[in-house]
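Asker: Pasting a structure here, questions to come.
The values are calculated or read from the model by the stated rules, or taken from the named source; none is laboratory data. Not measured: the values here are computed from a predicted model. Here Cβ is always computed from backbone atoms with ideal geometry, including for glycine, and neighbour counts include all displayed protein chains. Protein only, heavy atoms only, side chains kept; ligands, DNA and RNA dropped before computing areas. Shrake-Rupley method; radii C 1.70, N 1.55, O 1.52, S 1.80 Å.
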Amino acid sequence: VKGGASDTLAQFKIERAESWDVLRTVKFASFSGLQTGCIQHFFYNVVFTRAFGPQRTMLVAVRKTLAECLGYIPFVYMPNYFMLKSVFNGGSLSEGLGDYVAEISGIMPKYWMIWTPVNLLVFGPLVQPQFRIACVAAVSFCWSALLSYLQPMKAGDG
């Protein structure tokens, strides 16, 4: 739902579209559900916890943030997005990876600018566990709208 809502926001409020590209929204929502709902849950709640521990110290927060920003996102999340975008639009996985390689220098700095401070807060002692999901969901909604705007899941966009 969040992925579809953020794509719809991107279409109407950021891009000022006159009509709703429903298929684009379905594609983006599908990516969001698969990636955020399944894969990201596994990495953040299983892999990162096993690798760095469950503690909420700044040292653990820095380690998790570095692993997320320099490992998981550029080597799992973003390639998955571009490959799925390519397949959804009739291309191949390798074409999607090629698009990602061509676009990485433009998209990753935007990601790091938003998510590095958020991750330090969420993984560390500043955001209490009961508020983590709300914090991440709010920022993720905004990030998803930005990603949908920068790299929309529609044919003919790379």
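Asker: Where does each of GLU95, GLU68 land when they are ordered by accessible area, with a 1.4 Å probe and the largest first?
Answerer: Numbers: GLU95 100, GLU68 0 Å².
In descending accessible area the options line up as GLU95, GLU68.
Asker: Further question: Using a 1.4 angstrom probe on the protein heavy atoms only, line up CYS38, CYS135 by accessible area, largest first.
Answerer: On the way: CYS38 75, CYS135 40 Å².
Highest to lowest solvent-accessible surface, that is CYS38, CYS135.
Asker: Over the Cα atoms of region 1-118, what Rg and Dmax result, in angstrom?
Answerer: 15.9, 48
Asker: Ok, one more. Charges only on Cβ, +1 for Lys and Arg, -1 for Asp and Glu: so what's the dipole of region 57-114 about the Cα centre, in debye to the nearest 20?
Answerer: Details: 4 positive and 4 negative charges, 51 e Å.
For this selection, approximately 240 debye.
Asker: To the nearest 500 deg cm²/dmol, what mean residue ellipticity at 222 nm is calculated for the chain from DSSP H runs of n ≥ 4 alone, each contributing -39,500 (n - 2.57), summed and divided by the residues?
Answerer: Numbers: 7 runs with 100 residues, N = 158.
Using -39500 (n - 2.57) per qualifying helix, the result is -20500 deg cm²/dmol.
Asker: Using +1 at the C-beta of Lys and Arg and -1 at the C-beta of Asp and Glu, which of GLY124, PRO152, PHE88 has the Cα lying farthest in the positive direction of the dipole of region 64-158?
Answerer: Value computed over the given set: GLY124.
Asker: Another one. Compare the Cα positions of ILE114, CYS135, TYR72 along the charge dipole of the chain (+1 at Cβ of Lys, Arg; -1 at Cβ of Asp, Glu; about the Cα centre) and return the one farthest towards the positive end.
Answerer: Of the listed residues, the answer is CYS135.
Asker: Treat each spin label as a single point 7 Å out from the Cα along the C-beta direction, and report the PHE131 to ALA51 distance in nm.
Answerer: With each label point 7 Å from Cα toward Cβ, the separation is 2.7 nm.
Asker: Loop only by DSSP, 14 or fewer other Cβ within 10 Å of the Cβ. Give me the chymotrypsin sites (Phe, Trp or Tyr not before Pro) in region 13-55 that pass, ordered by residue number. Could the numbers behind the result be given before it?
Answerer: Numbers: sites: TRP20, PHE28, PHE31, PHE42, PHE43, TYR44, PHE48, PHE52; in loops: TRP20.
Answer by residue number: TRP20.
Asker: Compute the helix-to-body angle for 93-123: its Cα long axis versus the longest principal axis of the chain, expressed 0 to 90° and rounded to tens.
Answerer: 40
Asker: When the accessible area of the chain is computed with all protein chains present and a 1.4 Å probe, what percentage of it is carbon and sulfur? Please report the intermediate quantities before stating the final value.
Answerer: On the way: 5670 of 8220 Å².
Summing carbon and sulfur atoms, their accessible area is 69 percent of the total for the chain.
Asker: Using unit Cβ charges (K, R positive; D, E negative) and no other charged atoms, how large, in debye to the nearest 20, is the dipole of the chain about its Cα centre?
Answerer: 560
Asker: A follow-up question, please. Tabulate in residue order the Karplus-calculated ³J(HN,Hα) for region 72-88, using 6.51 cos²θ - 1.76 cosθ + 1.60 with θ = phi - 60°, rounded to whole Hz; enter x for Gly and Pro.
Answerer: After applying 6.51 cos²θ - 1.76 cosθ + 1.60, I find 4, 5, x, 10, 10, 4, 5, x, 4, 4, 5, 5, 5, 4, 4, 5, 4 Hz.
Asker: So which residue, out of GLY106, GLY33, GLY98, gets the largest mean-square fluctuation from a GNM of the chain using Cα contacts under 10 Å as springs?
Answerer: In the Gaussian network model the winner is GLY106.
Asker: Measure nothing fancy, just the Cα-based angle from helix 129-150's long axis to the longest principal axis of the chain, in degrees from 0 to 90, nearest 10.
Answerer: Orientation of helix 129-150: about 30 degrees from the principal axis.
Asker: On to the next question. Give the residue list of trypsin sites (Lys or Arg not before Pro) in region 36-132 that are DSSP loop and have at most 16 other beta-carbon atoms within 10 angstrom.
Answerer: Working: sites: ARG50, ARG56, ARG63, LYS64, LYS85, LYS110, ARG132; in loops: ARG56.
Here the trypsin sites (Lys or Arg not before Pro) that fit, given the DSSP loop and packing criteria, are ARG56.
Asker: Given the options SER30, VAL60, SER6, identify the residue whose Cα lies farthest towards the positive end of the charge dipole of region 1-60 (+1 on Cβ of Lys, Arg; -1 on Cβ of Asp, Glu).
Answerer: The listed residue farthest towards the positive side: VAL60.
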